[in-house]
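Note sheet for the following structure.
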Amino acid sequence: MIKEIEKLKKQKKAIILAHNYQKPEVQDIADFTGDSLELSRIAADNDADLILFCGVHFMAESAYILSPQKKVILPDLSAGCPMADMAEAVDVLNMKEKNPDAAVVTYINSSAEVKAASDICVTSANAVTIVNKLQNDTVLFIPDKNLANYVQRFTSKKIIPWKGFCPTHDRFTKEELIAIKQKYPEAYVIVHPECRPEIIDLADNVWSTGQMVKNINTIPHKQIIVGTEEGMLHKLKKIAPEKEFILASKGFMCPNMKKITLEKILKALQDEQPIVTVKEDTRIKAFMALQKMLELS
Ligand code: 13P
Ligand code: SF4
């Protein structure tokens, strides 16, 4: 199956992008793995004819928004992000009307329509930097309340959080973290900013998945407790094989990320579908919000 995927990839001038939460075997056949920011940069700037995206729907949609001349394929269209579904464009526009002086800052984990209603997008890797670069003193932060509260720690601007959250990160409790810290008292704790504020308070560092990869070898500790989706451990073990990684909770599993399989990748490459597209007027507006993000980060 892997050989056949490789063959079709060359034949069709395709690249395979995989998020850091993908299954190990999917990460291993990808041309690039990374966080949302790294993958959107690659999607915006490569010379492939076809992008096969191993991730969730908003990621493939962002790739299409940035590279509409390419065919963008998501091997399972039902791989969505429940947090992205927690914001609708009509509600965002209403909120914007009520707060005319605020900048609408939208996490990349959102639909194309919501991006189109926003001033700028962010990812977990650049949210703090971008918010601080904006002229506005007030920011409507959509859809993740946990990332919004995390950004609020590093800015004097007023952040108005939306009510969304990631079910995979938000269900991790302080009690669970205290228990795992007691079990591994020597371990260093890293978590994703989609975790709740009380988790952020107890962690040694808070990183996007790409920042975890970049910084892991700067941690002197041998044992590291990882508070994010389990797929991350495969990537971290590859780049720091001498360390011991401990998943902070069994609950850290995103069922949508796990919908992509080698079988579905092979079929998607053979059929060149299912494709992901966005209506052109929406795409142009969403493109501006994503493009501003890439310029400022
Ligand atoms: P990263 O951009 O840190 O990879 O996060 C994406 C995501 O979906 C986290 O749940
Ligand atoms: Fe969405 Fe959370 Fe899954 Fe990331 S881990 S794709 S934010 S549900």
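Identify all residues within the stretch 263-297 that are under 17 Å from Ala103 (Cα atoms) and among the acidic types (Asp, Glu); write none if there are none.
Glu295
Counting residues that are of a type in the set (A, V, I, L, M) and under 30 Å from Glu198 (Cβ atoms), which helices (runs of 4 or more DSSP H) fully inside the stretch 57-152 reach at least 3?
Hits in the stretch 57-152: 127-133, 145-152.
Of the residues that make up the stretch 59-80, is at least one in contact with a His (Cβ under 6 Å, 6 or more places away or on another chain) and surrounded by fewer than 17 Cβ atoms within 10 Å (Cβ to Cβ)?
Checked the stretch 59-80: at least one residue is in contact with a His (Cβ under 6 Å, 6 or more places away or on another chain) and surrounded by fewer than 17 Cβ atoms within 10 Å (Cβ to Cβ).
Go through the stretch 118-136 and give me each residue that's open to solvent by 10 Å² or more (accessible area, probe 1.4 Å), farther than 18 Å from Glu38 by Cβ and in contact with a strand residue (DSSP E or B) (Cβ under 9 Å, 6 or more places away or on another chain).
Ser118, Asp119, Leu134, Gln135, Asn136
Which one of these is touching a Phe, Trp or Tyr at 6+ places or on another chain (Cβ under 9 Å) and touching a residue at least 60 places away in the same chain (Cβ under 8 Å): Lys258, Lys292, Lys285, Lys264?
When all the criteria are applied, what remains is Lys258.
Check Ala18, Ala48 and return the single one that is in contact with a Cys (Cβ under 7 Å, 6 or more places away or on another chain), farther than 24 Å from Ile130 by Cα and touching a residue at least 24 places away in the same chain (Cβ under 8 Å).
So the residue among Ala18, Ala48 that is in contact with a Cys (Cβ under 7 Å, 6 or more places away or on another chain), farther than 24 Å from Ile130 by Cα and touching a residue at least 24 places away in the same chain (Cβ under 8 Å) is Ala18.
What pairs come up if the first residue lies in the stretch 84-99 and is more than 14 Å from Phe141 (Cβ to Cβ), the second is among the polar types (S, T, N, Q), and their beta carbons are under 7 Å apart, counting only those six or more places apart or on different chains?
Ala84/Asn109; Ala84/Ser110; Ala84/Ser111
Return the pair list, or none, for Cβ contacts closer than 9 Å from residues in the stretch 243-254 that are farther than 17 Å from Lys23 by Cβ and open to solvent by 50 Å² or more (accessible area, probe 1.4 Å) to residues that are among the aromatic types (Phe, Trp, Tyr) and more than 14 Å from ligand 2 (Cβ to nearest atom), at least 6 apart or on different chains.
Glu244/Tyr184
Please specify each residue of the stretch 220-232 satisfying the condition of being more than 14 Å from ligand 2 (Cβ to nearest atom) and free of Cβ contacts under 8 Å to residues at least 40 places away in the same chain.
Pro220, His221, Lys222, Gln223, Ile224
Would you mention how many residues in the stretch 234-261 are of a type outside the set (A, V, I, L, M, F, W, C), touching a strand residue (DSSP E or B) at 6+ places or on another chain (Cβ under 8 Å) and within 14 Å of ligand 2 (Cβ to nearest atom)?
1
One residue is enough: does the stretch 37-49 have a residue meeting the conditions open to solvent by 10 Å² or more (accessible area, probe 1.4 Å), more than 16 Å from ligand 2 (Cβ to nearest atom), touching a helix residue (DSSP H, G or I) at 6+ places or on another chain (Cβ under 8 Å) and not β-branched (Val, Ile, Thr)?
Yes, the stretch 37-49 has at least one match.
The values are calculated or read from the model by the stated rules, or taken from the named source; none is laboratory data. Small disclaimer: the values here were computed from a predicted structure and weren't measured. So basically every Cβ, Gly included, is an ideal-geometry build from the backbone, and we count neighbours across all protein chains shown. What goes into the accessible areas is simple: the full protein's heavy atoms, side chains included, and nothing from ligands, DNA or RNA. Shrake-Rupley method; radii C 1.70, N 1.55, O 1.52, S 1.80 Å.
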